[in-house]
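Peer 1: Please find one structure pasted underneath; my questions will follow.
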Amino acid sequence: MAIIQFSVVPLGTGGTSISPYVAEVHKVLQNSGVTHRLTPMGTVLEGPLPQLMEVIQKCHEVPFEQGAQRVMTLINIDDRRDKDATAAGKMKSVEDKLA
C-alpha cells in the first residue's frame, strides 16, 4: 500500500486564494473511496498506488474545469512493499521513539 502526499496548485486564476479550488478537489476525494486527509499544506492519501494515481489525475483536472489557466501538482510517494504501512502507523512509530 502506498501513502501519498500531494497538492494541486492552480495558477493563472486572477487571485491569490486557492481554497475554492481545494474545496472542489476534496469533493472529488470524498467520492473516490480512497482514504484521505486534508492538511494545511496538502492532502495525504492511502491505498494501492495505481488507484491513488488515478484519483490524483482527476484532482489535477479540477482547477482547469474551474477556469485555471495552469495547474501545478506536487506529489510525494511512499510506496513500501515489505509490509503494510499507514499514515497513522508512520506517526506512531515516530511518537514511540520520542517517548
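Peer 1: Accessible area per residue for the chain in Å², computed with a 1.4 Å probe and the full protein assembly in place, what is it?
Peer 2: Heavy-atom SASA per residue in the chain reads 67 Å².
Peer 1: Using a 1.4 angstrom probe on heavy atoms only, work out the carbon and sulfur share of the accessible area of the chain in %.
Peer 2: Its accessible area is 54 percent carbon and sulfur atoms.
Peer 1: List the trypsin sites (Lys or Arg not before Pro) in segment 54-90 that DSSP assigns to loop (not H, G, I, E or B) and whose Cβ has at most 15 other Cβ atoms within 10 Å. Which are they?
Peer 2: Arg80, Arg81, Lys83
Peer 1: Going Cα to Cα from Lys27, which lysines come in below 18 Å? Please leave out same-chain ones fewer than 8 positions away.
Peer 2: Lys58
Peer 1: So for the pair Gln51, Ile75, with labels modelled 7 Å out along Cα→Cβ, what separation do we get in nm?
Peer 2: 1.6
Peer 1: Give me the dipole magnitude in Debye, nearest 20, for the chain about the Cα centre, with unit charges on the beta carbon: positive for Lys and Arg, negative for Asp and Glu.
Peer 2: 140
Peer 1: Ignoring everything except DSSP H segments at least 4 long, calculate the 222 nm mean residue ellipticity for the chain; use -39,500 (n - 2.57) per segment, divide by total residues, nearest 500.
Peer 2: Value at 222 nm, helices only: -13500 deg cm²/dmol.
Peer 1: Where does helix 49-65 land angle-wise versus the long Cα axis of the chain, in degrees 0 to 90, nearest 10?
Peer 2: 20
Peer 1: Shifting gears a bit: For percent of Cα pairs over 22 Å apart, the listed values are [x] 33; [y] 21; [z] 24; which was obtained by calculation from the structure presented?
Peer 2: Read-out from the structure maps to [x].
Peer 1: How large is the accessible surface of Thr86 in square angstrom, using a 1.4 angstrom probe and rounding to the nearest 10?
Peer 2: Looks like 60 Å² after rounding.
The values are calculated or read from the model by the stated rules, or taken from the named source; none is laboratory data. Here the structure is a predicted model, which means the values were calculated and not measured. No Cβ is skipped: glycine too gets one built from the backbone with ideal geometry, and neighbour counts run over all protein chains shown. Protein only, heavy atoms only, side chains kept; ligands, DNA and RNA dropped before computing areas. Shrake-Rupley method; radii C 1.70, N 1.55, O 1.52, S 1.80 Å.
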